[in-house]
Each structure stands twice: as structure tokens, then as C-alpha cells.
Amino acid sequence: MAGSYARTMVSHQTCSDTKIIGYGGGMTFTFGIYPGGLLGSDTGVLAPVRPDDPALITAALRELQGGAAEFLVRAYRSYADPGHAPDRPEQYAVEGRKLDLVLQYRDRSGESAGWLDFVRRTVRAEGHRVAVLQICEEPNLDLPPVDGSIPNVLRALVAGVIAAKEEALACGFDRLAVGFNAVPSFDPADTFWSELGELADERFHRALDYVGVDFFPDVFRPVPADRLADAVRAVVTGFRRDWLPRAGIGPAVPLRICENGWPTGPGRSEARQAEVVEEVVRTVVELAAELTVTGYAFFALRDADSAGAGLFPHFGLLRDDYSRKPAFDTYRKLVAELSC
């Protein structure tokens, strides 16, 4: 959760411009958001200073969704600790909203049977309210809150994708999209994708409905304001054309932007956050047809601690008391304009 890297405005695009050919013959571009206060940082899990307020979250989700037929609510569940973030995410999967559910591995025992049973049980119990099921969280990033720090995560990833898809089809959840995510790599010697390619068999490639990318341009690596759109294009294009082929993942497999955001705080104005949201989202949608990008989720709805030090407590479109930053209305308008 939120642990990755990464002015000319793009031309206006209508809803019809975002129609994508994807798995199952056709797919449209969908938006979403992580609505909880809990998040991962570079040192561990960061708890919000105020508890989640389901009524205020629901009101914000309803407003962001507007008239869109579908809007995704990103949620996280860990095999090692079966709690959810946010708590009881099913309460938000109503009124045309569905879950973008992450199943995080986090198990250092190396025992796989329990993990696969957990994946299958989750599909059976929650598949009716899940649109997107992500297996593992950032398995190529070696930081404490995410799965890249677990030695056997690649095997868990491959087996988990296969198990999830088999169970979804067995249960009649034919439209449930199963995939995984990763962060951009800037190391030419990175072996994650080639190692994944060695493990990924035909069953894995048949089961794989999408690959997600988490990236945060101008957050952990500064980007000049007039180069932001170029940075977004470079990251998403490089991910598609340079890294995925190393695992044998072809251009027909859709991409999703699973986590993207820009925190406010000292030296990082709320006005600039709104500008970044506008430019990044429009750039991603501009790339959708060329690179088969089928969705975007913002991280996150609200701050963990609006008075906190550092970057991680400030990612929200809302402050920790649910008052609005300008970027909330920016994202709401983009969803209304660009959703199909």
C-alpha cells in the first residue's frame, strides 16, 4: 500500500475514446479509490489518527462515483492477518460499486496449502461483490509492509493467480478479473520479471486477466512540473514494453493503475495536488487505447494524519477530518467526464 516509485495538458477525451479491447472481448475504463485511513509506509504500517467513519466514507464514494455505472473500492486483506483495510469493505460495495480486492501474502513459513485455501475461500465468499482480485501486493518491492520482502512470494503469486481464476470460474464469477501488481523498476539487472517468466506456465497465462502498476511520480523521485506527463508516459510505457515481456506477458493482457497519488504537506501545496491529479489521470487515459490500460485507482481518499511529518500521512483527497482538499473535486469531475 503506497510503497512504490515512480504541462501540457492532454486533449479532451470523451467516454467513447476510452473503450478498450481487453480480456473477454471488450472492457471499459473504470475508476476507483482506496477509502481507508490505514496505509503502509517505508518503515511499516501507519495507523490513522482518526478512525474510519463509514458514513462519511460512503458519502464521499457516492459523490466521486457520480453517475458512473461502476466505481471500484480498493481494499486489502492479508493471509497472515485476516483483517481488512478498510474495515468491512463490503459495506461500500453497493450502488454500482464493487471491490478491487488485494489478497496480501505476508507468510514467511513457506507453506502453500493454507494460502491457496485462503484464496479459494475468499473467491467463494466475496466473488459476487469483487470486480478485480489482486494476488499479492507489490511482490517486486522489498519493503516491510509489502510482499516483495517475503522470500517465496513468486511461487505464492503464480499459484494464487491460478487458484483464484479456477475458483472464480467454478463459482460462475466469469467477469471477476484476476491479476497481480508490481512497481516500476529502474534497475536493468532486476531479475523479478525473468524469474516470474520461468515459473509462469500455460495455466498462469490463461488465468491472468490483468497486471497492475503502482507508481507515484514526483513523490519519491522529484519530477519537474513541466515533465510530469512525460514521466507518466515513460513509466507506463516502459512497464508495458520493457518489463512485462520478460515474464512472457503480452500486449493483450490489460494494465491497471492500481495505486497512484501525490501527497500534500510542507512544500507540497493542496493546489498542486489537484493539478497533478488532473494531469496524471488525463495522461493515463490518453495512453489507454495504445497500451491497453483499463483502470485507474487513486491512493487515497483521506490523510492518515494531516499534521504528521513526512510524505506518507498526507496522500488523501480529504484531510484526516474528512474536510476537502481541492483535488477531491478535481477527481470527481474527471470520473464524471472520463468514465464509461
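Every number here is computed from the coordinates shown, using simple stated rules; none is lab data. It should be emphasised that the depicted structure is a prediction, and the values quoted were computed from it without experimental measurement. Please note: Cβ atoms are built from the backbone with ideal geometry, for glycine as well, and neighbour counts cover all protein chains shown.
How big is the charge dipole of the chain about its Cα centre, in debye rounded to the nearest 20, if each Lys and Arg gets +1 on its Cβ and each Asp and Glu gets -1 on its Cβ?
540 debye
Taking amide hydrogens as modeled 1.01 Å from N in the peptide plane, which residues meet the under 5 Å criterion relative to Ala304, leaving out close sequence neighbours?
Those qualifying (amide H under 5 Å, at least 5 residues apart or on another chain) are His314, Phe315, Gly316.
Near Ala307, within a Cβ-to-Cβ distance under 15 Å, what is the net charge of the other residues, with Lys and Arg +1 and Asp and Glu -1?
0
Starting from the amide H of Val130, placed 1.01 Å from N in the peptide plane, find each other amide H under 5 Å away whose residue is 5 or more places distant or on another chain.
So Val130 has HN proximity to Leu99.
When N is the residue count of segment 95-240, what does its C-alpha Rg come to as a fraction of 2.2 N^0.38 Å?
With N residues counted in segment 95-240, Rg over 2.2 N^0.38 Å equals 1.11.
Highest mean first, how do 190-202, 136-148 rank when packing is the count of other Cβ atoms within 10 Å averaged over residues?
Highest mean packing first, the order is 136-148, 190-202.
Taking neighbour Cβ counts within 10 Å as the exposure measure, how do Thr28, Thr237 sort from fewest upward?
Listed from fewest to most nearby Cβ atoms, that is Thr237, Thr28.
Just to confirm a number: summing +1 for Lys and Arg and -1 for Asp and Glu over residues other than Ile162 whose beta-carbon lies under 14 angstrom from that of Ile162, what do you get?
Net charge in that neighbourhood comes out at -1.
Averaging over every viewing direction, what projected area does the convex hull of the Cα atoms of the chain cover, in nm²?
It is 15.2 nm².
Which order do Ile150, Ile57 fall in if you start with the one that has the fewest other Cβ atoms within 10 Å?
Ile150, Ile57
From the helices alone, meaning DSSP H stretches of at least four residues, give me the mean residue ellipticity at 222 nm for the chain, per-run term -39500 (n - 2.57), in deg cm²/dmol to the nearest 500.
Taken over the chain, the calculation gives -9500 deg cm²/dmol.
Have a look at Trp262, Gln91, Pro222 and report the one farthest towards the positive end of the charge dipole of segment 15-338, computed about the Cα centre with Cβ charges (Lys/Arg +1, Asp/Glu -1).
Gln91
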